[in-house]
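The values are calculated or read from the model by the stated rules, or taken from the named source; none is laboratory data. Just so you know, these numbers come straight off a predicted model, no measurement behind them. Cβ placement follows ideal geometry from the backbone for every residue including glycine, while neighbour counts extend to all protein chains displayed.
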Amino acid sequence: MHEPLESPARGRDAASLHEDLARLIAFLAPGMPVPPTQEARWRRFRALVNLRPPGPVSAEFLEIQDRILKSVTAAKGITRSRELAPVQDRLQLWQGDITTLEVDGIVNAANSALLGCFHPGHDCIDNIIHTYAGVQLRQACAEIMAEQGHPEPVGQAKLTPGFNLPARHVLHTVGPMIEGLPTEEQRQQLASCYRACLGLAEASGLESLALCCISTGVYRFPPREAARIAVQETKRHLAGGSRLENVVFNVFRDEDLEIYRALLA
């Protein structure tokens with residue numbers, strides 16, 4: 001889970017940003033009243049792009065959107081994965097917003113439609129990643145799904161560009177959804193998510209990868225058991241002659257940080 005950014009005012013001329021947000025709102029919802037404050041405009045813009053179905057947009061829209069998103073991300077502060085201290089050989093642990101991590105690839109806990117979260121302003125990782133990558137990400141995912149012709153199965157992975165993110169790529173994977181305690185099949189499905197992401201990163205020539213806590217949010221996989229599976233599968237992959245130079249276990253909640261610290265101690 002990630003906290004939504006409420007005020008993108010930092011790091012760039014406020015008056016220009018104020019006007020840019022108004023122009024994007026007008027593109028997305030012609031005739032809709034534009035909120036008066038910058039914070040309200042940001043929330044309206046985010047809600048509109050969360051709701052917008054995949055499809056092309058004008059070059060002018062992309063120019064303005066990309067300028068805003070890169071500025072907002074820079075203002076939040078970018079962390080470079082290569083500068084993080086390792087906790088074990090080629091393994092790093094970092095608590096923070098994955099959309100601010102400069103790395104070859106980040107993992108997104110996606111849903112089976114693979115189009116991102118359509119709930120306006122929701123604070124799930126899928127929504128956050130799609131918001132800050134830009135509308136290009138939903139379109140890229142839609143093209144993958146159109147070619148595939150069926151919902152994304154649990155335990156696989158797909159690769160897209162990162163667009164406006166500091167990460168060069170996003171790896172999308174669908175984890176198991178849990179009711180009660182996880183079954184052995186669901187444990188294997190979660191392990192398959194990590195194997196698929198690590199294998200796809202390797203096959204795509206990525207040298208660094210940030211793994212999120214797949215399925216532990218609204219999909220309700222127990223965090224401690226999920227972390228054990230993530231660490232186990234990652235170590236197994238790296239021990240098999242992997243060319244990955246570093247893998248970051250990205251956490252956002254304090255609870256997950258303590259779980260991973262104990263596992264990696």
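Any residue that is assigned to a helix (DSSP H, G or I) and in contact with a helix residue (DSSP H, G or I) (Cβ under 6 Å, 6 or more places away or on another chain) - is there at least one of those in region 204-221? Can you show your working first?
Narrowing region 204-221 to residues assigned to a helix (DSSP H, G or I): none.
No: region 204-221 contains no residue that is assigned to a helix (DSSP H, G or I) and in contact with a helix residue (DSSP H, G or I) (Cβ under 6 Å, 6 or more places away or on another chain).
Those residues that are surrounded by fewer than 16 Cβ atoms within 10 Å (Cβ to Cβ) and either of a type in the set (Val, Ile, Thr) or not in a helix (DSSP H, G or I) (or both), I need them from region 178-192; list them, please.
Glu179, Gly180, Leu181, Thr183
Only residues that are of a type in the set (D, E, K, R) and part of a loop (DSSP other than H, G, I, E, B): list them for region 224-249, please.
Arg243, Glu245 - these are the residues of region 224-249 that are of a type in the set (D, E, K, R) and part of a loop (DSSP other than H, G, I, E, B).
Residues checked against (1) in contact (Cβ under 8 Å) with a residue 24 or more places away in the chain; (2) under 22 Å from Asn250 (Cα atoms):
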residue	(1), (2)
Leu114	yes, yes
Phe118	yes, no
Arg138	yes, no
Arg168	yes, yes
Pro176	yes, yes
Leu181	yes, no
Ala203	no, yes
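So which residues in region 110-132 are outside any loop (DSSP other than H, G, I, E, B) and touching a strand residue (DSSP E or B) at 6+ places or on another chain (Cβ under 7 Å), if there are any at all?
Listed by number, the residues that qualify are Ala110, Ile125, Asp126, Ile129.
Has region 244-258 got at least one residue that is touching a Ser or Thr at 6+ places or on another chain (Cβ under 6 Å), β-branched (Val, Ile, Thr), over 19 Å from Pro153 (Cα atoms) and surrounded by 16 or more Cβ atoms within 10 Å (Cβ to Cβ)?
For region 244-258, residues touching a Ser or Thr at 6+ places or on another chain (Cβ under 6 Å), β-branched (Val, Ile, Thr), over 19 Å from Pro153 (Cα atoms) and surrounded by 16 or more Cβ atoms within 10 Å (Cβ to Cβ): present.
Name every residue in region 153-177 that is assigned to a loop (DSSP other than H, G, I, E, B) and touching a His at 6+ places or on another chain (Cβ under 8 Å), in order of residue number.
Ala157, Gly162, listed by residue number.
Okay, residues lined up against (1) assigned by TED's automatic domain parsing to the domain that holds Gln92; (2) within 19 Å of the chain's Cα centre (by Cα); (3) modelled with pLDDT of 95 or more:
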| position | (1), (2), (3) |
| --- | --- |
| Gln188 | yes, no, yes |
| Leu198 | yes, yes, yes |
| Val218 | yes, yes, no |
| Phe221 | yes, yes, yes |
| Arg228 | yes, no, yes |
| Leu244 | yes, no, yes |
| Ile259 | yes, no, yes |
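What number of residues within region 147-205 satisfy the criterion of being among the basic types (Lys, Arg) and closer than 16 Å to Pro223 by Cα?
1
Against the definition (surrounded by fewer than 16 Cβ atoms within 10 Å (Cβ to Cβ), at pLDDT 95 or above, of a type in the set (A, V, I, L, M) and not assigned by TED's automatic domain parsing to the domain that holds Arg253), how does Ala59 come out, yes or no?
On the way: surrounded by fewer than 16 Cβ atoms within 10 Å (Cβ to Cβ): yes; at pLDDT 95 or above: yes; of a type in the set (A, V, I, L, M): yes; not assigned by TED's automatic domain parsing to the domain that holds Arg253: yes.
It is true that Ala59 is surrounded by fewer than 16 Cβ atoms within 10 Å (Cβ to Cβ), at pLDDT 95 or above, of a type in the set (A, V, I, L, M) and not assigned by TED's automatic domain parsing to the domain that holds Arg253.
In region 74-112, which residues are in contact with a Cys (Cβ under 8 Å, 6 or more places away or on another chain) and over 17 Å from His169 (Cβ atoms)?
Asn111, the sole residue that qualifies.
Have a look at Glu39, Glu63 and point out the one that is in contact with an Asp or Glu (Cβ under 6 Å, 6 or more places away or on another chain), of a type in the set (D, E, K, R) and over 17 Å from Thr100 (Cα atoms). Steps first, answer last, please.
Details: Glu63 fails: in contact with an Asp or Glu (Cβ under 6 Å, 6 or more places away or on another chain).
Just one listed residue meets the conditions, Glu39.
Tell me yes or no: at least one residue of region 141-155 is touching a residue at least 24 places away in the same chain (Cβ under 8 Å), buried (at least 23 other Cβ atoms within 10 Å of the Cβ) and not charged (D, E, K, R).
Yes, because at least one residue in region 141-155 is touching a residue at least 24 places away in the same chain (Cβ under 8 Å), buried (at least 23 other Cβ atoms within 10 Å of the Cβ) and not charged (D, E, K, R).
Please determine, by comparing only the residues of region 11-29 that are modelled with pLDDT of 50 or more and not in a helix (DSSP H, G or I), which one is nearest to Asp123 (Cα to Cα).
Ala29
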